[in-house]
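Novice: Starting off with a structure, shown below.
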Amino acid sequence: MLHLEWAVVTQLDGEKTVAEIADILALSEEESQQIFSKLFEEGLLELVTISPDYLFISSEVLDEIEYELKVLLGPIASILFEDVLNELGKSRDKFDKMSLPILVDLLTTQISDPRKQEEFQKVSLNKIKPYIL
Amino acid sequence: MISELFPDLPQVEGVELITIYGLDNEILDSWSQPHFNRQILPDLGLNGFQIFSLGERVKQSLSEVVLTHEKGQIYYRRHRDFMVVVISKLKVDAALIRLIINVGLGEYEKSKKIQKSLKKMSRGAVNFLDNKYLDDLEAEFLEKLKHQSETP
């Protein structure tokens, strides 16, 4: 087991999750539990608190997406945008970047014209790419 | 084709395989992570075409199917000229795959060049629910399905 423990230690970088490391090293669930528990108990690893900046995006990004929707749909876009935020159970000031694709997906369903849908998705993808890729 | 239509897809962390199939299940283009076993590609495509054909059989016109399993997910997207399959880890949001592919399909519709080169490569649609593509159990299942749909 010692070589596996060492392999895990070499993967610890403050960013990878337990699942990601287990995947990289092809560890079984049992092996993962044993190794991580042991390393934790021995004080060789600790949990990292993720900064909110890492998880959430600024409301400006949402404003930009809303603007693109307004260009296509007019003033009603703001109401539709809020409806979708409520549907997702999210707020503008604490919107996690991983929900950006589903936001664009749901906003797209609010657009009936296929060409406008395409346009909106293209522009939105370019806007959200820096945060999700 | 992948680099022209879906350049962002290989950059999504967790995406392991992207394949574009002609309607005859020929592989038109493919990209994968180095560790990926590409021997499954023909079966992967065949299964995708069969799922969509079965959907038509039961009067469900599907264009997208996502199959999740304990190690990840398989995303199938049908277009009138080809099929795209993406294999990824579970952490990849299907909505992101859909978005990137939607944008790519929009580019495809605008690009006569890509449409032309695809036309040269592709050999036309095949009926993958024909008995020659099915094992005994699958053939029996389809027969039952046919009788059920015919029974008032």
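The values are calculated or read from the model by the stated rules, or taken from the named source; none is laboratory data. Treat the numbers as computed from the prediction; the structure is a model and nothing was measured. Please note: Cβ atoms are built from the backbone with ideal geometry, for glycine as well, and neighbour counts cover all protein chains shown. Heavy atoms of the whole protein, side chains included, go into the accessibility calculation; ligands, DNA and RNA do not. Shrake-Rupley method; radii C 1.70, N 1.55, O 1.52, S 1.80 Å.
Novice: Among the candidates A:E64, A:E41, A:E82, which residue alone is of a type in the set (D, E) and open to solvent by 90 Å² or more (accessible area, probe 1.4 Å)?
Specialist: The match here is A:E41.
Novice: Where in the range B:4-112 are there strands (runs of 3 or more DSSP E), lying wholly inside it, with at least 2 residues that are charged (D, E, K, R)?
Specialist: Hits in the range B:4-112: B:72-78.
Novice: Follow-up. Filter the range A:89-108 down to the residues that are without any contact (Cβ under 8 Å) to a residue 24 or more places away in the chain and either more than 11 Å from chain B (Cβ to nearest Cβ) or among the aromatic types (F, W, Y) (or both) and list them by number.
Specialist: A:G89, A:K90, A:S91
Novice: Does any residue in the range B:72-100 that is away from chain A (no Cβ under 12 Å) and within 20 Å of A:F120 (Cβ to Cβ) come within less than 8 Å, Cβ to Cβ, of a residue that is surrounded by fewer than 20 Cβ atoms within 10 Å (Cβ to Cβ) and among the acidic types (D, E) six or more places away or on a different chain, and which pairs are these?
Specialist: Matching pairs, first to second residue: B:R77/B:E64.
Novice: If I filter the range B:30-42 for residues that are surrounded by 14 or more Cβ atoms within 10 Å (Cβ to Cβ) and at positive phi, do I get at least one hit?
Specialist: no
Novice: Taking the condition more than 14 Å from chain B (Cβ to nearest Cβ), open to solvent by less than 70 Å² (accessible area, probe 1.4 Å), assigned to a helix (DSSP H, G or I) and modelled with pLDDT of 90 or more, does A:L72 pass?
Specialist: yes
For (1) charged (D, E, K, R); (2) open to solvent by 80 Å² or more (accessible area, probe 1.4 Å), each residue gets a yes or a no:
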residue: B:R57; (1), (2): yes, yes
residue: B:Q60; (1), (2): no, yes
residue: B:V66; (1), (2): no, no
residue: B:V85; (1), (2): no, no
residue: B:A94; (1), (2): no, no
residue: B:R98; (1), (2): yes, no
residue: B:Y108; (1), (2): no, no
residue: B:K119; (1), (2): yes, yes
residue: B:K132; (1), (2): yes, yes
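Novice: Same structure, new question: Just to be sure, is A:E119 modelled with pLDDT of 95 or more, within 11 Å of chain B (Cβ to nearest Cβ), open to solvent by 60 Å² or more (accessible area, probe 1.4 Å) and under 25 Å from B:E107 (Cα atoms)?
Specialist: When the stated conditions are applied, A:E119 passes them.
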